Amino acid sequence: MSAALECEGLVKRYGSLLAVDGLKFSVTEGEAYGLLGPNGSGKSTTIGMVVGVLIPDSGTVRVHGHEMARHPLRAKRLVGYVPQEVALYPDLTGRENLRYFGRLFGLRGQRLRRRVAEVLDVVGLADRADERLGTYSGGMQRRVNIAAGLVHEPKVLVLDEPTVGVDPQSRNAILESVERLVAEGTTVLYTSHYMEEVERVCDRVGIIDRGRIIAEGRPEELMATLSPGGRAEVEVDGDVQAAGVAVAALPGVAVTVAEHRPRLLLVTWTEGADRLPDVLQALNGVAAVVRTAAVRPSLEEVFLHLTGTSLRD
Ligand SMILES: Nc1ncnc2c1ncn2[C@@H]1O[C@H](COP(=O)(O)OP(=O)(O)OP(=O)(O)O)[C@@H](O)[C@H]1O
C-alpha cells in the first residue's frame, strides 16, 4: 500500500514559540491515523500545514505524492478538511450548505445532487436536510461540517477534534460516520485528546507532545510496550479476605478489594503476559470464582507514563 499522506521534518514557529518541532509521520492509503495529544501540543498547527492553510517554516507535506508547497491545487483537491469551528451558513438548509461547498469544488448538476445526497446519508442527516441549519443542534451542525469536507470525494479526510463540545448522542453519530468512511476505504487523519475515540476509530496512533511525536503504533501495541504486566478483575463467592491473602501470596502479584464491590478482587502483576491462570489456581479450594475479566490499560495511562502529564491538562 502506498502512502496517502507523508509529513517530514515539519516545523512551525509562532514568534519565539516552537509549536511544531520536526514532526514526521505517514499514513497509508485506507488507514485511519490518530494524532493524540493534550491542548496546545501542536495538533491544530500540524493539521493546518497538512491541509495547506498554514505554511510550514520547514519540512514537507505530500498527499498521494503531490507536494503541498509545489502543487497546492493538486494536493488540496485530494484532501477534505473538517475544521474545529463550524463554518456554515445558518440561514441556508443543510442541503443548500452542502450544495454551496460542492459548487466551490466545481461540482454541478446531476453529480452535485447525487454527491450531496450521498454525504447526507454518510452523516445520517438525510431526513433533516431541508431544514434551516440554524435550527440544528450543535452536534448536527458538526455532522454537516463533516459532510462539507466530504462532498468533493477527497481521498484523505482530515478531522480536527470533531467531537469537542457535542452531546454524547451526536458524538456517537460522528464516530459511527467516521468508522463507516474508514470501512469504505477513506484515508483518515483524526486528532483528538480523547483516548476512547482514537482507540475506537484509528488503526494507528501518534502521541504528540510539544510539537513532536513521542510514541507511535497500533493502540494495543502502544499499551503492551508501555505497560508490561497486566490487570484483571476476579469476582469471587465465599471468603473474600482469604481469597485476597491467597492471591497476594503469589510472587509479583498485588491484589486489592474493589471499593463498593466487596466480592471483586482487583489483581495486578508487573511481569509476564498473563498471570490469571496462577491466580485461579491459588483460589482453588479457597473461594469460588464467579467471573474474571482482563483489564486493558488505557491510552490515558500510556500518555501519563510517557509524559508525566494527563491528557486533559
Ligand atoms: N496563531 C497563533 N499565534 C500564536 N501562537 C499560536 C497560534 N496558534 C497556536 N499557537 C500556540 O501554538 C501551540 C500549539 O497550538 P495548537 O493549536 O496547534 O495545539 P493543539 O494541540 O491543537 O491544541 P488545542 O487542542 O487546544 O487546539 C500552543 O502553545 C498555542 O498556544
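Please treat every number below as a calculation from the coordinates, not as lab data. These numbers were taken from a predicted model, which means no experiment stands behind them. Heads up, the Cβs are rebuilt from the backbone with ideal geometry, glycines too, and the neighbour counts pull from every protein chain shown.
Numerical summary
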quantity: Criterion: in contact with a helix residue (DSSP H, G or I) (Cβ under 9 Å, 6 or more places away or on another chain) and under 16 Å from Val86 (Cβ atoms) - qualifying residue of Thr163, Thr191; calculated: Thr163
quantity: Among (1) outside any loop (DSSP other than H, G, I, E, B); (2) touching a residue at least 24 places away in the same chain (Cβ under 8 Å); (3) under 23 Å from Ala224 (Cβ atoms) - the single one Ala282 does not satisfy; calculated: (3)
quantity: Flag if Val82 is among the β-branched types (Val, Ile, Thr), under 19 Å from His152 (Cα atoms) and surrounded by 15 or more Cβ atoms within 10 Å (Cβ to Cβ); calculated: yes
quantity: Whichever residue in the range 169-192 is farther than 19 Å from Leu120 by Cβ and crowded, with 21+ Cβ neighbours inside 10 Å and, among such residues, is farthest from the ligand (Cβ to nearest atom); calculated: Thr187
quantity: Test: residue in the range 50-66 that is within 17 Å of the chain's Cα centre (by Cα) and small (Gly, Ala, Ser); calculated: no
quantity: Val53 without any contact (Cβ under 8 Å) to a residue 40 or more places away in the chain, closer than 30 Å to Thr135 by Cβ and not small (Gly, Ala, Ser); calculated: yes
